[in-house]
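The values are calculated or read from the model by the stated rules, or taken from the named source; none is laboratory data. What you see is a predicted model; the values in this text were computed from it and never measured. Backbone-built Cβ (ideal geometry, glycine too); neighbour counts: all protein chains shown.
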Ligand code: GDP
């Protein structure tokens, strides 16, 4: 069967299991298809946009359900097409029966993401906003919600549009020079051009740099807890998570595998990985755990290197520049006089007792200042999609190449080609320049009904 973008489509828009469920219909025939199974005070065919109608869904003479129908007429709807939402009682049976009736009357089942895809094709939102709809639905914390909300409301799109408009201005001046190439004129002042390209590059790079934070806020900030067996890693994890999830015991090597616990601190999801500890062992099972530890350490944004008072163990791992290393010296409750030896390096060190909780509050404060989600809460644009990050990085490289070209006094046509590349990459984010394969891959990640 060949699906057309002009078909009238139907899908449940809510999860089944609550008191009510919304069935969504969109397309030219949305209202008439719904009207053919609806019995209310008046026909839906004459209903005005943004109105609600109470009535019954009928299967011939049988009443299937009491429902409320919302009517949205084109272009004043999510998809830009005539759309209907039917609120039915949330039983799987009712939902399936109503959808079957609608398909028998001319609608077809929607594909994954098809409603939002139509909204994009109708110009209701650009591609980055459409992607933000999926992020919004998946948001599980204040921070991930704030990023998706800023993106969905168009702040990111506005920013990219401003950048593209500036580039378009440069490109048109350069094209004009090409038209007059015989006469050797320069419409675009080269110094002005350089400054503009430089400003654009700085902005594009700084947007790309927000990805590391954006990705952490969206997926959860990964914190690896490393250290010798028995130093108290599981105990700390349990305290941070507020429940006894990791296994705690005083037999060295208890945490054989990595255990992940997520917890919400101040609106940010943290993914704590309690690792098996780095130490040499002949035990095959333990060796596998240690390999997973090494993997977790590579991926983590924050590494907690845990030791006990008087412990001189080595970390055995060099963090990258982007990773934040915190040394924790645990079990301070065991030290009577608290005269603790301070390690001589400059790694931030915190003394605490995972068992009693003393000092743990300070650790939480450190997490908050490292992650610093305030930019997200203040509505700043933060890139959280890998696809956008790659496009921005490529745009930044093309801008670099344009600036280098300018330095070498290259001809307008080659310079203009670099500028077109930048516009191509930025345009891919908002969907101004795109192809059906990209759209397919983006919208197929949505659920049916979105
Ligand atoms: P892991 O192997 O690093 O995960 O260590 P565990 O969390 O399993 O802890 C090992 C032992 O140390 C257990 O008996 C814990 O009760 C004990 N322990 C952990 N933290 C503290 C602490 O802050 N003070 C004291 N006194 N004991 C602790």
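What the table shows:
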quantity	calculated
Any pair with Cβ under 8 angstrom, 6 or more apart, that starts in segment 228-239 at a residue that is touching a residue at least 40 places away in the same chain (Cβ under 8 Å) and ends at one that is part of a helix (DSSP H, G or I) and more than 6 Å from the ligand (Cβ to nearest atom)	236/360; 239/360
Residue tally, condition farther than 19 Å from residue 44 by Cβ, part of a loop (DSSP other than H, G, I, E, B) and either in contact with a strand residue (DSSP E or B) (Cβ under 6 Å, 6 or more places away or on another chain) or at pLDDT 95 or above (or both), over segment 81-119	2
Conditions (1) at negative phi; (2) within 16 Å of the ligand (Cβ to nearest atom): number failed by residue 359	(1)
Residues within segment 89-100 that are crowded, with 20+ Cβ neighbours inside 10 Å and under 11 Å from residue 14 (Cα atoms), tallied	1
Some residue of segment 49-57 being crowded, with 19+ Cβ neighbours inside 10 Å, in a loop (DSSP other than H, G, I, E, B) and touching a helix residue (DSSP H, G or I) at 6+ places or on another chain (Cβ under 7 Å)	no
Residues located in segment 421-446, provided they are touching a strand residue (DSSP E or B) at 6+ places or on another chain (Cβ under 6 Å) and loosely packed, with under 14 Cβ neighbours inside 10 Å	444
Qualifying positions in segment 308-331 - within 11 Å of the ligand (Cβ to nearest atom), at negative phi and modelled with pLDDT of 90 or more	328, 329, 330
Flag if residue 125 is within 30 Å of residue 371 (Cβ to Cβ) and surrounded by fewer than 21 Cβ atoms within 10 Å (Cβ to Cβ)	no
Candidates 337, 346, filtered to the one that is within 16 Å of the ligand (Cβ to nearest atom), in a loop (DSSP other than H, G, I, E, B) and at pLDDT below 85	337
Residue match in segment 60-74 (condition: touching a helix residue (DSSP H, G or I) at 6+ places or on another chain (Cβ under 7 Å), surrounded by 20 or more Cβ atoms within 10 Å (Cβ to Cβ) and part of a loop (DSSP other than H, G, I, E, B))	no
Segment 45-66: number of residues that are under 23 Å from residue 91 (Cβ atoms) and in contact with a strand residue (DSSP E or B) (Cβ under 9 Å, 6 or more places away or on another chain)	11
Condition broken by residue 17, with the remaining ones in (1) on the phi > 0 side of the Ramachandran plot; (2) free of Cβ contacts under 8 Å to residues at least 12 places away in the same chain satisfied	(2)
Options 33, 84: the member that is closer than 25 Å to residue 134 by Cα, buried (at least 19 other Cβ atoms within 10 Å of the Cβ) and touching a helix residue (DSSP H, G or I) at 6+ places or on another chain (Cβ under 7 Å)	84
Helices (runs of 4 or more DSSP H) enclosed by segment 189-245 - at least 2 residues per element that are within 27 Å of the chain's Cα centre (by Cα), under 25 Å from residue 259 (Cβ atoms) and at pLDDT below 90	233-241
